[in-house]
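Enquirer: The structure's right below; bear with me while I get my questions together.
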Amino acid sequence: GLGGFPVSSPGADAVVLESRDGVAMIAARRLDVGRVMQVGYDETWRWRMAGGDESAAAHREWWSRLVGAVAYAPLVPRGPGVRSIDETPLA
């Protein structure tokens with residue numbers, strides 16, 4: 001149910017990661033020594049706000065997977081007793 005704009009001309013070197021009705025909505029490709037991703041969905045915050053109790057975690061996981069696909073960073077271990085904090089406001 002997300003609105004969006006199709007990825008325009010993803011190029012022959014792009015990898016389509018998600019499509020809707022045969023139209024690319026998320027595509028990634030290499031650029032110089034890095035990687036770039038184009039996401040055609042807009043207002044993903046609505047998905048996060050309109051969902052149920054698990055929507056915040058699902059939204060965070062979805063964006064983390066997308067960013068993680070192009071931006072590698074090693075995991076940083078947390079100390080014992082450190083819990084995850086969701087600072088996103090509730091509607």
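The values are calculated or read from the model by the stated rules, or taken from the named source; none is laboratory data. Just so it is clear, the model here is predicted, and its values are computed rather than measured. Note that we place each Cβ from the backbone using ideal geometry, even for glycine, and neighbour counts take in every protein chain shown. Quick note on the areas: whole protein, heavy atoms, side chains included, nothing else; ligands and nucleic acids left out. Shrake-Rupley method; radii C 1.70, N 1.55, O 1.52, S 1.80 Å.
Enquirer: So, in the stretch 47-62, exactly how many residues are assigned to a loop (DSSP other than H, G, I, E, B) and either in contact with a helix residue (DSSP H, G or I) (Cβ under 9 Å, 6 or more places away or on another chain) or open to solvent by less than 90 Å² (accessible area, probe 1.4 Å) (or both)?
Expert: Let us first name the residues in the stretch 47-62 that are assigned to a loop (DSSP other than H, G, I, E, B), namely 51-54.
Narrowing the set further to residues that are either in contact with a helix residue (DSSP H, G or I) (Cβ under 9 Å, 6 or more places away or on another chain) or open to solvent by less than 90 Å² (accessible area, probe 1.4 Å) (or both) leaves 51-52.
Residues that pass the stated criteria total 2.
Enquirer: Sort out which residues of the stretch 28-43 are more than 10 Å from SER8 (Cα to Cα) and of a type outside the set (D, E, K, R), and write them in order of number.
Expert: Restricting attention to the stretch 28-43, the residues satisfying the condition of being more than 10 Å from SER8 (Cα to Cα) are 28-37, 39, 41-43.
Once the filter is applied, which keeps residues that are more than 10 Å from SER8 (Cα to Cα) and of a type outside the set (D, E, K, R), the stretch 28-43 yields ALA28, LEU31, VAL33, GLY34, VAL36, MET37, VAL39, TYR41.
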